[in-house]
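S.K.: This structure is in structure tokens; I'll ask about it shortly.
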Amino acid sequence: MKKLVLLLAFTPLFSNAQLELRDPGTPDEMVGEFLLGSGILVSNVVFNGTEVQRTAFVGGEFMGLDSGIVLSSAAAENIITGLLNDVSYPDGVYGDADLLSVAQSVPPLIGQSFFINEVYDVASLEFDFIPFGDNLSFNYSFGSDEYLAWVNSSFNDVFGFFVSGPGINGPYENGAINVAIVPDSDPALPITVSSVNPTINSSFYIDNPLNENIYINGYTSVLTAQIEGLQIGETYHIRLAIADGSDTALESVVLLQAGSFTSVVPVAPGGPGDFNGDGYADVSDLLMLIADYGCEGSC
């Protein structure tokens, strides 16, 4: 039985006065203002879970990111209040076949035998998107209070980014694949507290035992979820989801960087829009253009 440590004294709401949570608005507003970047059209945005499990952040640095959105298996504001809870939300989502499958796939991939019997307190954000390029990428960081005491245990909190659509044939609902994986892992290894920690894939792990800047015991470095080979102009679907594994205690969070949900548009190498000659019209081309014009702060 896991024990929660009671806080004997409350610290100020922010350890850095610049860090703050924002009302994310409706799910449409949250995606449009705090996630969406260039080269993407989005529609049919839906959030499943309890409203307290989502928020937005601005003005500082949470787990390596300066602004974006938070999805949590508990109350998202806990990351700055330091409050701990051990609840299953009455109007929350119980069970998720894809997340459970992801959680159960991890032990054999890392030489372990623990078992996750169910997932609880699911929070998921999903929407359709049309890419202008043949690719999709976005930046994120995963953190958990399951670190380090519950590594390689049944309390293996889990998250996933499930992408489905034309040309994608994966093992999850509607043929989706999970792009929340350890970089360069083969076979693909989903990210959980047991697959990224001080003893495995440690280069992607940041320990935070003193809860500096954020009340999370450990988290990943900033990672990039990406997929290539999309069909330009076709409609795809993505579901960003997180849940507690095997119980409802100790939260996990995934933070997604504002403006990073992008599709880079391919162009003829050296053609219109491709100022650096890499075959894409992207931010680096814009920066090169600004440099060529000698702009300082504005053009």
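The values are calculated or read from the model by the stated rules, or taken from the named source; none is laboratory data. None of these values were measured; they are calculated from a predicted model. Cβ atoms come from the backbone with ideal geometry, glycine included; neighbour counts cover every protein chain shown. Areas reflect the complete protein model, heavy atoms only, side chains present, ligands, DNA and RNA absent. Shrake-Rupley method; radii C 1.70, N 1.55, O 1.52, S 1.80 Å.
S.K.: Considering only residues that are open to solvent by less than 70 Å² (accessible area, probe 1.4 Å) and assigned to a strand (DSSP E or B), look in the range 205-215 and name the one that is farthest from Gly111 (Cα to Cα).
M.R.: Filtering the range 205-215 for residues that are open to solvent by less than 70 Å² (accessible area, probe 1.4 Å) and assigned to a strand (DSSP E or B), the one farthest from Gly111 (Cα to Cα) comes out as Ile206.
S.K.: For the range 186-196, enumerate the residues that are hydrophobic (A, V, I, L, M, F, W, C) and either open to solvent by 40 Å² or more (accessible area, probe 1.4 Å) or under 19 Å from Glu251 (Cβ atoms) (or both).
M.R.: Within the range 186-196, Ala188, Ile191, Val193, Val196 meet the criteria.
S.K.: Within the range 197-204, is there a residue that is open to solvent by less than 10 Å² (accessible area, probe 1.4 Å), part of a strand (DSSP E or B) and farther than 19 Å from Arg239 by Cβ?
M.R.: Yes: one or more hits.
S.K.: Hey, another quick one. Scan the range 119-146 for residues that are open to solvent by 10 Å² or more (accessible area, probe 1.4 Å) and aromatic (Phe, Trp, Tyr) and jot them down.
M.R.: Tyr120, Phe132
S.K.: Is it the case that Asp247 is open to solvent by 40 Å² or more (accessible area, probe 1.4 Å) and either basic (Lys, Arg) or at pLDDT below 95 (or both)?
M.R.: No.
S.K.: Residues in the range 224-244 that are open to solvent by 10 Å² or more (accessible area, probe 1.4 Å), among the hydrophobic types (A, V, I, L, M, F, W, C) and in contact with a helix residue (DSSP H, G or I) (Cβ under 8 Å, 6 or more places away or on another chain): how many?
M.R.: 0
S.K.: Among the residues of the range 171-192, is there at least one that is under 26 Å from Ser113 (Cβ atoms), without any contact (Cβ under 8 Å) to a residue 40 or more places away in the chain and of a type in the set (Phe, Trp, Tyr)?
M.R.: No, there is no match, as no residue in the range 171-192 is under 26 Å from Ser113 (Cβ atoms), without any contact (Cβ under 8 Å) to a residue 40 or more places away in the chain and of a type in the set (Phe, Trp, Tyr).
S.K.: So Leu230 clears everything in (1) assigned to a helix (DSSP H, G or I); (2) within 19 Å of Gly160 (Cβ to Cβ) except one condition, right? Which one?
M.R.: Against the list (1) assigned to a helix (DSSP H, G or I); (2) within 19 Å of Gly160 (Cβ to Cβ), Leu230 comes up short only on (1).
S.K.: State which residue is surrounded by the most Cβ atoms within 10 Å (Cβ to Cβ) when the search covers only the range 24-48 and only residues that are in a loop (DSSP other than H, G, I, E, B) and either within 18 Å of the chain's Cα centre (by Cα) or among the small types (Gly, Ala, Ser) (or both).
M.R.: Of everything passing the filter in the range 24-48, Leu35 is surrounded by the most Cβ atoms within 10 Å (Cβ to Cβ).
S.K.: Got a number for residues in the range 149-168 being of a type outside the set (Gly, Ala, Ser) and either open to solvent by less than 10 Å² (accessible area, probe 1.4 Å) or within 25 Å of Asp66 (Cα to Cα) (or both)?
M.R.: Going through the range 149-168, the residues of a type outside the set (Gly, Ala, Ser) turn out to be 150-152, 155-159, 161-163, 166, 168.
Narrowing the set further to residues that are either open to solvent by less than 10 Å² (accessible area, probe 1.4 Å) or within 25 Å of Asp66 (Cα to Cα) (or both) leaves 156-159, 161-163.
Result for the range 149-168: 7.
S.K.: Is there a residue in the range 173-185 that is in contact with a His (Cβ under 8 Å, 6 or more places away or on another chain) and either surrounded by fewer than 19 Cβ atoms within 10 Å (Cβ to Cβ) or of a type in the set (D, E, K, R) (or both)?
M.R.: For the range 173-185, residues in contact with a His (Cβ under 8 Å, 6 or more places away or on another chain) and either surrounded by fewer than 19 Cβ atoms within 10 Å (Cβ to Cβ) or of a type in the set (D, E, K, R) (or both): present.
S.K.: Follow-up question, since we're still on this one. Name the residues in the range 31-55 that are of a type outside the set (S, T, N, Q) and closer than 23 Å to Leu99 by Cα, would you?
M.R.: Val31, Leu35, Val45, Val46, Phe47, Gly49, Glu51, Val52, Arg54
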